[in-house]
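Here the structure is laid out as structure tokens; the discussion comes afterwards.
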Amino acid sequence: MNDMGEPERVTAIEPTGDPADVPGARDLVLALADDELCIGQNLGWWIAVGPFLEEDLALTSISQDELGHARALYGLLGDDIDAMAYGREPYEYLCAHITELPCHDWAETLVRHFLYDTAESVRWGALADSSWESLGAVARRALAEERSHLRHATGLLDRLLRTDAGIAHLLPLFDQLAPMACGLFDAPSGCSDEALVAAGVMACELGNQRAQWQDIVGEALAPAGYQPQWAVADPEAAPLGGRAGRRSPHFAALHAEMVEVLSIDPSARW
Amino acid sequence: MKTYEVFLKRAGKDPFAHVGALEAPDDDLALSFARDCYARRSEGEQMWVVAREDLLVADPTELQMADRAHRHNDGTFLRDLRQVGNAEPA
């Protein structure tokens, strides 16, 4: 408390300190790791049920890449990766709600995959030269894999948007998913992205990253004569706040599936 | 969908080897699927993906060489000849 009786807020950043100790840095990494975990788990659902064999393997190979990124990010925060990935309470997860959606319709998975991987390419880019050096190394490695993911997503999307059936089927899904995907650029509670930029953890603020991402998505959809509506149509009907620890209705089932083996045998090892 | 043939080359002196085929709607997606179907565990450090329709395919009848015994020399003729030669002075 200061002498006005108000709680003191720590805003100053120790310039010589460890960038990982900048307030909010670890929460941001945790949020990105949780995104990757949920996306990886959800994409893995497609094993053996993809629309054709090659797509089956592609989605699940990308799933393993995303789980690898989750593992690398959790590894920046501690040694017990399983405990971080599987052992927390639902309100302790910071994933964006779009990553929790099951998307068991392939078109939904494709649209979410495109929105997520374009978003990732922007945010990994903003972290590639991070002053938190091990985070920068994870980001640079992930960027290399991201190029393959984007080639897969944009290759299919561009092709399908050249057909009437593709336009009729996919564009309404963008109306539904694009506003929700904006949550990927929300800051975790108590995380000041200005402070993270000032400390060199990130190259630019999350709002700036969101704008870059929206430009990329807008450009990709322009040939189909479509501009995504980014605003949430009805905030009451679709409460966001995944980064604040609020879980969507889909999280419980997703998490139960993730921990199914561990709950049978807590000492299980892969 | 078009059919593509996939070739991988491991690090070192191994040559490119055929690893399988896949179907894809276009060349870019063929490269994308080839990575996920055949190279996701670092099975190769270089990859060729070729549309099957672009392959030059030989006439199989030109490859039927099984009845040309003179191309399947197992060395016994020469061995027998030498043995005869060696035996002569005795």
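Please list, ordered by first then second residue, the pairs with beta carbon atoms under 9 Å, 6 or more apart or interchain, first in the range A:150-162 and on the phi > 0 side of the Ramachandran plot and at the interface with chain B (Cβ under 7 Å from one of its Cβ atoms), second crowded, with 18+ Cβ neighbours inside 10 Å and part of a helix (DSSP H, G or I).
none
Of all residues in the range A:254-270 being free of Cβ contacts under 8 Å to residues at least 40 places away in the same chain and part of a helix (DSSP H, G or I), which is surrounded by the fewest Cβ atoms within 10 Å (Cβ to Cβ)? Even if it seems obvious, please write down each step before you answer.
Of the range A:254-270, the ones free of Cβ contacts under 8 Å to residues at least 40 places away in the same chain are A:256, A:260-261, A:263-270.
Okay, now just the ones that are also part of a helix (DSSP H, G or I), so A:256, A:260-261, A:263-264.
Working: A:ALA256: 10, A:GLU260: 10, A:VAL261: 12, A:SER263: 11, A:ILE264: 8.
Among those that are free of Cβ contacts under 8 Å to residues at least 40 places away in the same chain and part of a helix (DSSP H, G or I), it is A:ILE264.
With respect to A:ALA142, is the statement that it is under 23 Å from B:ALA34 (Cα atoms) and more than 14 Å from chain B (Cβ to nearest Cβ) true? Lay out the reasoning, then the answer.
Details: under 23 Å from B:ALA34 (Cα atoms): yes; more than 14 Å from chain B (Cβ to nearest Cβ): yes.
Here the answer is yes, as A:ALA142 does meet what is asked.
From the list A:GLY24, A:GLY44, exactly one residue is on the phi < 0 side of the Ramachandran plot and small (Gly, Ala, Ser). Which is it?
Just one listed residue meets the conditions, A:GLY44.
Might you check whether a residue that is modelled with pLDDT of 95 or more, away from chain B (no Cβ under 14 Å) and part of a helix (DSSP H, G or I) occurs anywhere in the range A:49-58?
Looking for residues that are modelled with pLDDT of 95 or more, away from chain B (no Cβ under 14 Å) and part of a helix (DSSP H, G or I), one finds none in the range A:49-58, hence no.
Of the conditions (1) more than 19 Å from the chain's Cα centre (by Cα); (2) surrounded by 15 or more Cβ atoms within 10 Å (Cβ to Cβ), B:MET47 clears all except one; give me its number.
Failed condition: (1).
What are the pairs, 6+ residues apart or on separate chains, where a residue within the range B:42-68 that is farther than 23 Å from B:LEU8 by Cβ has its Cβ under 8 Å from a residue that is of a type in the set (D, E, K, R)?
From residues that are farther than 23 Å from B:LEU8 by Cβ, the pairs are B:MET65/B:ARG71.
Out of (1) part of a helix (DSSP H, G or I); (2) more than 14 Å from every other protein chain (Cβ to nearest Cβ), the odd one out for A:PRO23 is which?
Of the numbered conditions (1) part of a helix (DSSP H, G or I); (2) more than 14 Å from every other protein chain (Cβ to nearest Cβ), the odd one out for A:PRO23 is (1).
Given (1) among the aliphatic types (A, V, I, L, M); (2) closer than 24 Å to A:LEU150 by Cβ; (3) away from chain B (no Cβ under 14 Å); (4) without any contact (Cβ under 8 Å) to a residue 60 or more places away in the chain, identify the lone condition not met by A:LEU77.
The number of the failed condition is (2).
When you look at B:ARG35, is it of a type outside the set (Ser, Thr, Tyr), free of Cβ contacts under 8 Å to residues at least 24 places away in the same chain and either surrounded by 16 or more Cβ atoms within 10 Å (Cβ to Cβ) or in contact with an Asp or Glu (Cβ under 9 Å, 6 or more places away or on another chain) (or both), yes or no?
Values: of a type outside the set (Ser, Thr, Tyr): yes; free of Cβ contacts under 8 Å to residues at least 24 places away in the same chain: yes; either surrounded by 16 or more Cβ atoms within 10 Å (Cβ to Cβ) or in contact with an Asp or Glu (Cβ under 9 Å, 6 or more places away or on another chain) (or both): yes.
Judged against the criteria, B:ARG35 is a match.
Could you pull out the residue among A:ASP105, A:ASP82, A:ASP129 that is surrounded by 15 or more Cβ atoms within 10 Å (Cβ to Cβ) and either over 20 Å from A:PRO188 (Cα atoms) or touching a strand residue (DSSP E or B) at 6+ places or on another chain (Cβ under 7 Å) (or both)?
Numbers: A:ASP105 fails: surrounded by 15 or more Cβ atoms within 10 Å (Cβ to Cβ); A:ASP129 fails: surrounded by 15 or more Cβ atoms within 10 Å (Cβ to Cβ).
None of the others qualify; the one that does is A:ASP82.
Whether any residue in the range A:149-164 is among the small types (Gly, Ala, Ser), surrounded by 14 or more Cβ atoms within 10 Å (Cβ to Cβ) and modelled with pLDDT of 95 or more is what I want to check.
So far as the range A:149-164 goes, yes, one or more of its residues are among the small types (Gly, Ala, Ser), surrounded by 14 or more Cβ atoms within 10 Å (Cβ to Cβ) and modelled with pLDDT of 95 or more.
Kindly provide the set of residues from the range A:59-74 that are within 30 Å of B:LEU22 (Cβ to Cβ), away from chain B (no Cβ under 14 Å) and either among the aliphatic types (A, V, I, L, M) or without any contact (Cβ under 8 Å) to a residue 40 or more places away in the chain (or both), ordered by number. Walk me through how you get there before you give the answer.
Pass one, the range A:59-74, residues within 30 Å of B:LEU22 (Cβ to Cβ): A:59-72.
With away from chain B (no Cβ under 14 Å) added as a condition, the list becomes A:69-72.
Answer for the range A:59-74, where residues must be within 30 Å of B:LEU22 (Cβ to Cβ), away from chain B (no Cβ under 14 Å) and either among the aliphatic types (A, V, I, L, M) or without any contact (Cβ under 8 Å) to a residue 40 or more places away in the chain (or both): A:ALA70, A:ARG71, A:ALA72.
For the range A:79-172, list the helices (runs of 4 or more DSSP H) that sit wholly inside it and hold at least 2 residues that are among the charged types (D, E, K, R); which are they?
Details: elements: A:81-86, A:106-127, A:133-160.
Because the criterion is at least 2 residues that are among the charged types (D, E, K, R), the helices (runs of 4 or more DSSP H) in the range A:79-172 that meet it are A:106-127, A:133-160.
The values are calculated or read from the model by the stated rules, or taken from the named source; none is laboratory data. Just so we're clear, the structure is a prediction, and the values are computed from it rather than from any experiment. Neighbour counts are summed over all protein chains in view; Cβ atoms, including those assigned to glycine, are modelled from backbone coordinates with ideal geometry.
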